[in-house]
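The values are calculated or read from the model by the stated rules, or taken from the named source; none is laboratory data. This one's a predicted model, so the numbers in the text were calculated from it and none came from an experiment. For neighbour counting, all protein chains shown are included, and Cβ atoms are generated from backbone atoms with ideal geometry for every residue, glycine included.
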Amino acid sequence: MAILELARSFEAPEFTEAYMLVTSLDEGICDKELRSKGSEYVDAAMRVGWKFETVGMLIYHRVVPMSAMADLVGGFSLKMWSILSVWAHEMRETKNQPEFFEWYQWLVDRLRERGDLSNQPAYLANRSWRELG
């Protein structure tokens, strides 16, 4: 049930709007560059980051299985982190908040450790799948 609710949360219009803004940014954007884009971009970065912060915590507490989340949005979470990581690290330092997006970074680290995230879309990576029975 938790994975279903998680999947639905990624379909919310607010998250979709945030996704569109964040994916238009360059990888490794810094705080100054992000703020120069306008408050809607900062808000979008916060929304995306908090979403994955929650996902990381839910996985850590074993509410959501890592394998299901990795299939659902694993590659996406890595892509968003490649855009937001420099900004997140700057926020930790300038705001003296080492816990800023701590669970998001934890999630990214665990996904990288898995090493099974393919750059191929599911229709290619799983083309040999067959129904049991």
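A few comments on the model shown:
- For the range 87-98, the count of residues that are under 10 Å from the mean Cα position of the chain (by Cα) and at pLDDT 95 or above is zero.
- Residue list for the range 34-49, filter: out of contact with any Leu (no Cβ under 8 Å at 6 or more places or on another chain) and either surrounded by 15 or more Cβ atoms within 10 Å (Cβ to Cβ) or not in a helix (DSSP H, G or I) (or both): G38, M46, R47
- Yes/no for S82 being under 10 Å from the mean Cα position of the chain (by Cα), within 24 Å of P121 (Cβ to Cβ) and buried (at least 19 other Cβ atoms within 10 Å of the Cβ): no
- Test: Y60 is without any contact (Cβ under 8 Å) to a residue 60 or more places away in the chain, surrounded by 16 or more Cβ atoms within 10 Å (Cβ to Cβ) and farther than 25 Å from A125 by Cα: no
- Criterion violated by E90 - all others in (1) exposed (fewer than 15 other Cβ atoms within 10 Å of the Cβ); (2) farther than 27 Å from G115 by Cβ; (3) among the charged types (D, E, K, R) satisfied: (1)
- Selection from the range 50-97 of residues that are farther than 18 Å from R110 by Cβ, of a type in the set (S, T, N, Q) and either touching a strand residue (DSSP E or B) at 6+ places or on another chain (Cβ under 7 Å) or assigned to a helix (DSSP H, G or I) (or both): T94
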